[in-house]
Amino acid sequence: MEIIVANESHFKYAKIISDTITESAKVRGTGIARRTPEYIIKRLQNGNAIIALDGDKFAGFCYIEVWGNKDFVANSGLIVHPDYRNQGLAKKIKKAVFDLSRKKFPDAKIFGITTGLAVMKMNYELGYKPVTFSELTDDPEFWKGCQTCKNFDILTRTDRKMCLCTGMLHDPKAQKQAPEKINKKAFKRLKSIKESLFLKKKDK
């Protein structure tokens, strides 16, 4: 298995990456924004993406987006092909894209938003902390990317203050300390509270 920085030679994988993201959203039934092949190609060509390949077969992907005059970068679109799930590959890709972000943008705050407990755990182990959306980038282009998510109405109803996703942030300037042991129950409780809160509002 190769986990490498993507480049123009990987354009041929853009459609399968896009399709895998779309299918994952359907299966999980959670908020995953749709990404077109054209969108993926732009991320492949600027050296801001990690791709996992098993020979010539696509196995996984994640990319970096730069926001707020390089003050913030997001590690987005983490996906593993169904044939390669439950093998620890997502964690390896996540670590690779995090390291690439630190290398290319050493002073930037790294952030992400997710509904997935597994991704929250990976982020936490890398030093991310849960934060409010107000601590993330205010670049409207980032939030525009949420428009294809099925939960976008929640984001707009709360004036972009809350959603089912949890915001997580790694600040390289913050005092370095060993990450605490992740509290899975706390994350699950946070997710259930959000779902209960917003679904009740939607039913009214």
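Nothing in this text is a laboratory measurement; each read-out follows from the coordinates by a stated rule. Model, not experiment: these values are computed from the prediction.
Give the long-range amide H neighbours of Cys149: residues separated by 5 or more places, or on another chain, with amide H under 5 Å away, using H modelled in the peptide plane at 1.01 Å from N.
Arg34
List the aspartates and glutamates whose alpha-carbon lies under 18 Å from that of Lys15, not counting same-chain residues fewer than 8 positions away?
Lys15 reaches Glu23, Glu38, Asp54, Asp56, Asp83.
Glu8 to Asp171: extension gain in nm, 0.36 nm per residue of separation minus the Cα-Cα distance? Don't skip to the end; give the middle numbers.
Numbers: separation 163, 0.36 × 163 = 58.68 nm, distance 3.06 nm.
My answer for the length gained is 55.6 nm.
Full-extension gain between Asp159 and Met1, please, as 0.36 nm times their residue separation minus the C-alpha to C-alpha distance. Kindly include the intermediate steps, with their values, before the conclusion.
Working: separation 158, 0.36 × 158 = 56.88 nm, distance 4.29 nm.
Full extension from Asp159 to Met1 adds 52.6 nm.
Could you give the length gained on full extension between Asp139 and Asn46, defined as 0.36 nm per residue of separation minus the Cα-Cα distance, in nm? Could you put the intermediate results ahead of the total?
Details: separation 93, 0.36 × 93 = 33.48 nm, distance 2.02 nm.
Using 0.36 nm per residue and subtracting the Cα-Cα distance, I get 31.5 nm.
Of Lys12/Lys42; Lys70/Lys94; Lys26/Lys109; Lys57/Lys94; Lys103/Lys129, which sit over 23 Å apart, Cα to Cα? Write down the numbers at each step before the final one.
On the way: Lys12/Lys42 13 Å; Lys70/Lys94 20 Å; Lys26/Lys109 31 Å; Lys57/Lys94 19 Å; Lys103/Lys129 20 Å.
Too far apart for the 23 Å limit: Lys26/Lys109.
Please list, ordered by chain and number, the residues whose modelled amide H lies under 5 Å from the amide H of Ala6; skip anything fewer than 5 residues away on the same chain.
Hits under the 5 Å cutoff: Ala49, Ile50, Ile51.
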